[in-house]
Structures are given as C-alpha cells and as structure tokens.
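Have a look at the structure below, then the notes.
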Amino acid sequence: HGKTADEVVSDLAKDILEKIREPFNEAEFSAKYPTDYFEAMNTVLTQEATRFNKLIAEVRTSLAELQKAVKGLVVMSNELDEVYQALFINAVPAAWASKAYPSLKPLASWVTNLSDRLKMIETWYRDGKQKVYWISGFFFPQAFLTGNLQNYARSRKIPIDTVSFSFEFLKQHKEEITATPDSGCYCYGTYIEGARWDNEEHTVAESHPKSLFEPMPVFWMKCENDKEKVTEETPGVYRCPLYKTLTRAGTLSTTGHSTNFVVTVEMPTNVPAAHWIKRGVAQFCDLNF
C-alpha cells in the first residue's frame with residue numbers, strides 16, 4: 001500500500017534534517033576570523049555564517065515542530081500546515097524562502113544546494129581563504145565582491161571608489177589552481193544562456209544546438225585602479241550581466257540595486273557586442289533545477 005500523506009511528509013522532514021547541519025558557532029567564527037581592516041574576507045565569512053544560521057534555524061526548528069505536530073504532540077499551526085503542504089508537493093516552504101537567498105529550485109535540489117553552500121562555509125572556516133571561490137554558493141555575493149575591492153584599496157591606500165574589476169577567463173579547471181591570485185579572486189560556478197564560452201578562441205561564441213545553458217570556466221576577478229570605462233560601444237567587449245537566478249530582474253533593494261543582479265562580467269567577443277545584447281545573453285549563478 002502507498003504511504004499516507006503524513007508518512008510522506010515525516011520521512012521527508014527526517015531526510016532534510018539529516019542533510020542540513022546544526023547552526024554554525026558564531027562565537028568560534030568571530031574568534032578565528034576577527035574583524036581586520038586589511039582582511040575584509042574575515043567579515044565576509046562571519047557575516048555569511050550569520051545569514052545562513054537564520055535560515056538553518058528556520059528550517060530545523062520548523063521540521064522538528066512539524067514532526068511533533070504530525071504525531072499529534074503539538075497543535076498543527078497555520079505556519080506548520082504551510083510547511084506540511086509545501087513538503088507534500090516538493091516545494092520550498094514560503095517561511096524558508098523568506099529567510100533564504102533567491103532560488104527557483106524545487107525542494108529536493110534546493111536542500112542539496114543549501115547543504116553544498118553550508119559545506120563551502122565549513123571548508124572556508126576550517127582551511128582559511130580559498131584559492132577558488134564558488135561564487136554561486138554565497139548567501140550575499142555582493143558583500144564578497146566588495147570585500148575583494150576593499151582589500152585591494154586598503155592594501156594600496158587608495159579610495160575604494162576608484163577600484164573596479166577586470167575579468168580573465170582561465171584555461172585551468174578549478175582543481176588545477178594551486179595559489180590565490182595577486183589581487184581579487186578566482187571564481188567558478190556560473191552558467192551562460194544564449195551563448196557559450198569558447199575556450200580555444202577565448203571569446204563568447206554561439207551556443208551549441210539545443211543547449212540552453214552552458215557552464216562558464218573559472219574566471220579571475222582582478223582588481224584594478226582607475227580602469228578605463230567599458231561601454232556598449234567598446235570594441236571587443238560584451239558587458240554580460242550575472243544574475244543569481246533565471247528571473248533576471250529582481251526586486252530593487254533599498255540601495256536601488258536589483259537583489260538578483262550580482263555584477264557585470266566583461267567578456268571578450270570577436271563580433272560586435274550588439275550581437276549578444278540582441279540575444280539577451282546573460283550569466284546565472286543558479287539554475288531552476
């Protein structure tokens with residue numbers, strides 16, 4: 001006989017609780033990575049742990065309560081009922097989504113993805129600064145990017161507003177990178193839609209037939225002072241927006257920036273940028289499956 005709804009939901013709750021770790025110890029994080037004027041990455045890491053903790057607490061508390069409610073040990077509140085209904089249809093409960101980063105994944109992939117993000121934070125805490133960062137794993141990637149610019153500006157005693165990123169695409173795979181770059185960071189984990197990266201020609205190129213998304217290579221976000229402005233008219237460069245999720249737009253935050261937009265990635269192109277603009281070529285941190 002098939003499982004009852006209660007059994008389906010209880011099993012799933014148990015399964016998710018096994019995959020999502022307990023909250024990070026914030027005091028330990030701050031002790032090991034204290035605030036440091038010349039190392040903004042310490043603050044980035046401790047703030048990420050704090051953001052993830054709020055989400056972990058929401059997920060774990062609601063699942064523990066839900067298990068009790070299904071057994072009849074506590075009252076099934078409206079909030080718990082919403083979690084129950086969502087789990088039953090493999091959707092992310094609204095209460096979790098409201099405390100999470102933007103994501104369009106269905107529940108099962110959402111849980112795996114959260115677990116992977118938490119492992120990234122654990123590894124960073126354990127081993128120190130990473131040689132290559134999974135940019136798609138951050139709760140708030142913008143803070144990570146700002147931290148890189150701050151480190152560069154402070155170490156050279158220059159104002160941060162004259163520092164910006166330039167981009168280089170690497171031939172090495174992430175496993176082959178053995179040292180941190182001179183400035184900025186190596187990043188991986190993005191996908192491109194409407195085009196692909198041609199590693200031989202070192203340029204944006206037409207997508208393969210029937211391929212919607214193509215993985216991007218490791219790229220170096222290199223800090224530069226007083227870099228020349230790149231516009232739509234700059235020859236040989238396509239200014240490719242990087243978004244967190246496939247919605248592209250995103251609600252504007254208080255600073256007037258889209259919460260879904262991460263950064264403009266300057267990519268070499270051997271055709272005019274207008275070609276890619278017309279196709280709406282963009283990069284994404286996270287796909288919806």
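Distance from the Cα centroid of the stretch 58-117 to that of the stretch 158-176 is 37 Å (rounded to whole angstrom).
Figure note: GLU266, GLU28, GLU82, GLU228 ranked by solvent-accessible area, largest first, 1.4 Å probe, ligands and nucleic acids not counted: GLU228, GLU82, GLU28, GLU266.
Take the Cβ atoms of LYS227 and PHE289, set R0 to 41 Å, and the FRET efficiency comes out at 0.65.
Under a 5 Å amide H cut-off, with hydrogens placed 1.01 Å from N, VAL262 pairs with LEU242, TYR243, LYS244 among residues at least 5 apart or on other chains.
For the stretch 52-66, the residues whose backbone nitrogen is under 17 Å from a point 7 Å from the Cα of LYS32, taken along Cα to Cβ, are 52-53.
Largest accessible area first, the listed residues ARG117, ARG156 line up as ARG156, ARG117 when surface is computed with a 1.4 Å probe on the assembled protein chains. Sorted largest first by accessible area at a 1.4 angstrom probe radius, with every protein chain in place, the residues LYS3, LYS210 fall in the order LYS210, LYS3. With each label modelled as a point 7 angstrom along the Cα→C-beta vector, the ARG279-PHE140 pair spans 3.6 nm. Working ranking of peptides 95-102, 157-164, 133-140 by packing, defined as the average number of other Cβ atoms within 10 Å per residue, highest first, is 133-140, 95-102, 157-164. The accessible surface of the chain, taken with every protein chain in place and a 1.4 Å probe, is 54 percent carbon and sulfur.
Maximal additional length on extending the ASP198-LYS131 stretch stands at 21.7 nm, based on 0.36 nm per residue less the C-alpha distance.
Mean sequence separation of contacting Cα pairs (under 8 Å, at least six apart), scaled by the length of the chain, corresponds to a relative contact order of 17 percent.
Of all aspartates and glutamates in the structure, those lying under 12 Å Cα to Cα from LYS19, and not within fewer than 8 positions of it along the same chain, are ASP116. What number comes out for the charge environment of LYS99, summing +1 per Lys or Arg and -1 per Asp or Glu over other residues with Cβ under 11 Å away? Here the count lands on +1. Modelled this way, with points 7 Å down the Cα-to-C-beta line, the labels at ASP182 and ALA5 are 6.3 nm from one another.
The values are calculated or read from the model by the stated rules, or taken from the named source; none is laboratory data. Everything numeric here is computed off the predicted structure, so don't read it as measured data. Cβ sites come from the backbone with ideal geometry, for glycine too, and all protein chains shown count toward neighbours. Accessible surface is based on the protein model in full, side chains and every heavy atom, while ligands, DNA and RNA are left aside. Shrake-Rupley method; radii C 1.70, N 1.55, O 1.52, S 1.80 Å.
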